[in-house]
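Worksheet: one structure, shown below.
The values are calculated or read from the model by the stated rules, or taken from the named source; none is laboratory data. Since we're looking at a predicted model, the values are computed, not measured. Heads up, the Cβs are rebuilt from the backbone with ideal geometry, glycines too, and the neighbour counts pull from every protein chain shown. Quick note on the areas: whole protein, heavy atoms, side chains included, nothing else; ligands and nucleic acids left out. Shrake-Rupley method; radii C 1.70, N 1.55, O 1.52, S 1.80 Å.
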Amino acid sequence: MKTTCKKIFACLLMSILVMGTIAGCGSASSTSGGSGGAKILFIMTDTNDTFRATLSDAVVAAGKAQGVTLDMVETGDSVQDQLTLITEAKSKGYSAIILRSADANTAPQMNVASNDLPIIYVNAEPIKDHLTADKYVFVGSDEYQAGQYQAEYVIKKLNNPKSLNVIIFQGEAGHSATIGRSKSVKRTLKSAGCNATYVFVDSANWSDAEAKEKLGIFMKTGQSVDAIFCNNDTMALGTIEGMKEYGLDYKKIPVCGVDATADGCASIQAGEMSFTVLQDAKNQAASAVSAAVTLGAGGSLKDIEGSTSDLKYVYVPFVPVDASNVSQFK
């Protein structure tokens, strides 16, 4: 019922936006002369995922803190709804768009539909060829870094093993984070001289329930596992629950997540999850809003901390989190 209501509410809000009278969805709006009267449209798929909810709240808070008008609309997975909103944005007085794509592969269509408004992509990264310097850009974290930190932690914890049996529970199929984090785990293990056997690699769609279910499927194969890499904390927590049920020792078999959510950090403090990586939603949000204000006013990403030399990205670093420093992030 909650999800259905949210979808209905999002559709109503989109209709209001198209008519030109949007008030915002779960957002706070304000205007400051210091930001040149910037008016930003923030399009989010949904806030059902822990990180997406955190990021959405942070974008809204950053808009308020930076004194801009920021209207948020949730579209669910509807590419058509996003396209309609973007097509209408310029005529409604928006100077820039912050977009969490329903499908990152649709970036070329979204860019054309924007009527020359800048688009700041967040959370779902388009391929580089679909970005344009100082116009259609991505703000987030380097996904390769997350998987690298996970693998480096496991290598150190298990005393530089020459071989490992590895499980990877992946997020949404085709998502930039799923691809980057999984690839970098494999590359980092290989670079360290570890001959990893990937005994089970499957999508659990960011879900704790699906990760637990997939672990149950793995257990039926009769194979052993030495380390489990999860593309986010929620799947790592589901994995821990499954390990308890199936009698696997999570103190000997490290389980790694990504995001450093409150629940993930609590699990590390409890001696269950071994490791996570902070994906800094607050600073990603602040950078996305700053980029929207700057590009919307005709400026350049070169003025934004963390921007790359090609002016297509603003990267906010991941931070490794384990028992030694988890108290700083909980």
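Structure notes:
- Span-rule helices in the chain, defined as complete DSSP H runs reaching 20 Å or more along the axis (Cα) with Kyte mean at least 0.0: 2-18, 50-65, 281-296
- Computed over region 203-264, the ratio Rg/Rh where both radii use C-alpha atoms and Rh is Kirkwood: 0.94
- Comparing S287, V122, T308 along the charge dipole axis of the chain, the residue lying farthest to the positive side is T308, per the Cβ-charge model.
- Two-decimal Rg to Rh for the chain - Kirkwood Rh, Cα set: 1.00
- Mean silhouette area of region 206-308, derived from the convex hull of its C-alpha atoms and averaged over all directions, reads 8.3 nm².
- Apportionment of accessible area to carbon and sulfur, the chain, percent (1.4 Å): 50
- Taking a straight Cα-Cα cut-off under 18 Å and skipping sequence neighbours fewer than 8 places away in the same chain, the aspartates and glutamates within cross-link reach of K190 are E143, E152, D226.
- The Rg/Rh ratio for region 125-215, using Cα coordinates for both the radius of gyration and the Kirkwood hydrodynamic radius, is 1.04.
- Both numbers refer to the Cα atoms of region 104-256; Rg and Dmax are 17.7, 57 Å.
- Cα-based Rg of region 27-142 normalised by 2.2 N^0.38 Å, two decimals: 0.99
- The mean accessible area for residues of the chain, using a 1.4 Å probe and ignoring ligands and nucleic acids, is 42 Å² per residue.
- Ordered from largest to smallest accessible area (heavy atoms of protein chains, 1.4 Å probe), the residues K302, K212, K312 come out as K302, K212, K312.
- In this structure, the amide hydrogen of M273, modeled 1.01 Å from its nitrogen in the peptide plane, lies closer than 5 angstrom to those of I268, counting only residues at least 5 positions away or on a different chain.
- Proximal lysines to K90, defined as alpha-carbon separation beneath 20 angstrom and excluding residues fewer than eight positions away on the same chain: K39, K135
- Structure-based [θ]222 nm, the chain - -39500 (n - 2.57) summed over DSSP H runs of at least 4, per residue, nearest 500: -12500 deg cm²/dmol
- Averaging the Cα positions of each part gives two centres, and for region 85-119 and region 201-272 these lie 37 Å apart.
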